[in-house]
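These notes concern the structure reproduced below.
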Amino acid sequence: HKNKLQAYGEYARKMAATIKLYRDLPKHVYMSCKETTVFDDNNFPHYGLMFHGKKLAPNVPGDFDIVATIRVFADPENEGALIRKIQTVKDPNYGVLKDRSGALGPFIDPNFKTMFAAIRAKFPNLS
């Protein structure tokens, strides 16, 4: 490539196409991604998806029905213990989270079987 900018552009196009190929499989698809600190237009830091370049990360969440993060919290019932929850709603630190299905709560147990059961209960004709 002539320059880094062209290389990042080609990378973004190839990755976007690959992500869509997997997303469009006739199966339920789970994808994971590392997160990183990103800065919005007002230079406010929050967490976002980690990809090379600047064009891919803001566009990927639009390709999926559920975008979530796993959080670790102090367990209010057991001093010193930690609990993990999957967060599906935006907050000031996580601006890209969403649950288009509306079947999951804002904080849910990290259990795919339970998550899928909740989605199937709301959409019984889902294959």
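Could you tell me whether any residue of the stretch 73-81 is charged (D, E, K, R) and either assigned to a helix (DSSP H, G or I) or surrounded by 13 or more Cβ atoms within 10 Å (Cβ to Cβ) (or both)?
So the first thing to find is which residues in the stretch 73-81 are charged (D, E, K, R), and the list is 75, 77, 79.
Narrowing further to those that are either assigned to a helix (DSSP H, G or I) or surrounded by 13 or more Cβ atoms within 10 Å (Cβ to Cβ) (or both): none.
Checking the stretch 73-81: not a single residue is charged (D, E, K, R) and either assigned to a helix (DSSP H, G or I) or surrounded by 13 or more Cβ atoms within 10 Å (Cβ to Cβ) (or both).
If A17 satisfies every condition in (1) more than 30 Å from N125 (Cα to Cα); (2) loosely packed, with under 12 Cβ neighbours inside 10 Å; (3) modelled with pLDDT of 90 or more but one, which is the exception?
(1) is the only condition that A17 fails.
Among K55, K85, K14, K34, which is the only one that is at negative phi, under 13 Å from the mean Cα position of the chain (by Cα) and free of Cβ contacts under 8 Å to residues at least 60 places away in the same chain? Give the steps one after another, and end with the answer.
Working: K55 fails: under 13 Å from the mean Cα position of the chain (by Cα); K85 fails: under 13 Å from the mean Cα position of the chain (by Cα); K14 fails: under 13 Å from the mean Cα position of the chain (by Cα).
It is K34.
Go through (1) surrounded by 12 or more Cβ atoms within 10 Å (Cβ to Cβ); (2) without any contact (Cβ under 8 Å) to a residue 40 or more places away in the chain; (3) within 17 Å of Y30 (Cα to Cα) for S127 and report which single condition fails.
With (1) surrounded by 12 or more Cβ atoms within 10 Å (Cβ to Cβ); (2) without any contact (Cβ under 8 Å) to a residue 40 or more places away in the chain; (3) within 17 Å of Y30 (Cα to Cα) applied to S127, the lone miss is (1).
Scan the stretch 94-114 and tell me whether some residue there is touching a His at 6+ places or on another chain (Cβ under 7 Å) and in contact (Cβ under 8 Å) with a residue 12 or more places away in the chain.
Initially, the stretch 94-114 is screened for residues touching a His at 6+ places or on another chain (Cβ under 7 Å), giving 94-95.
With the extra rule that they be in contact (Cβ under 8 Å) with a residue 12 or more places away in the chain, the set shrinks to 94-95.
Within the stretch 94-114, one or more residues are touching a His at 6+ places or on another chain (Cβ under 7 Å) and in contact (Cβ under 8 Å) with a residue 12 or more places away in the chain.
Suppose we filter the stretch 86-98 for residues that are open to solvent by 50 Å² or more (accessible area, probe 1.4 Å) and either over 16 Å from P45 (Cβ atoms) or at pLDDT 95 or above (or both); how many remain?
Selection size over the stretch 86-98: 1.
Name the residues in the stretch 59-82 that are at negative phi and without any contact (Cβ under 8 Å) to a residue 24 or more places away in the chain, would you? Before you say what the answer is, go through the steps one by one.
The initial filter retains those residues of the stretch 59-82 that are at negative phi, namely 59-79, 81-82.
The answer is G62, V72, F73, A74, D75, P76, E77, N78, E79, A81, L82.
List the number of the failed condition for E35; all other conditions in (1) open to solvent by 60 Å² or more (accessible area, probe 1.4 Å); (2) of a type in the set (D, E); (3) farther than 23 Å from L104 by Cα hold.
(3)
The values are calculated or read from the model by the stated rules, or taken from the named source; none is laboratory data. This one's a predicted model, so the numbers in the text were calculated from it and none came from an experiment. Cβ sites come from the backbone with ideal geometry, for glycine too, and all protein chains shown count toward neighbours. The area values use the complete protein model at the heavy-atom level, side chains included, leaving out ligands, DNA and RNA. Shrake-Rupley method; radii C 1.70, N 1.55, O 1.52, S 1.80 Å.
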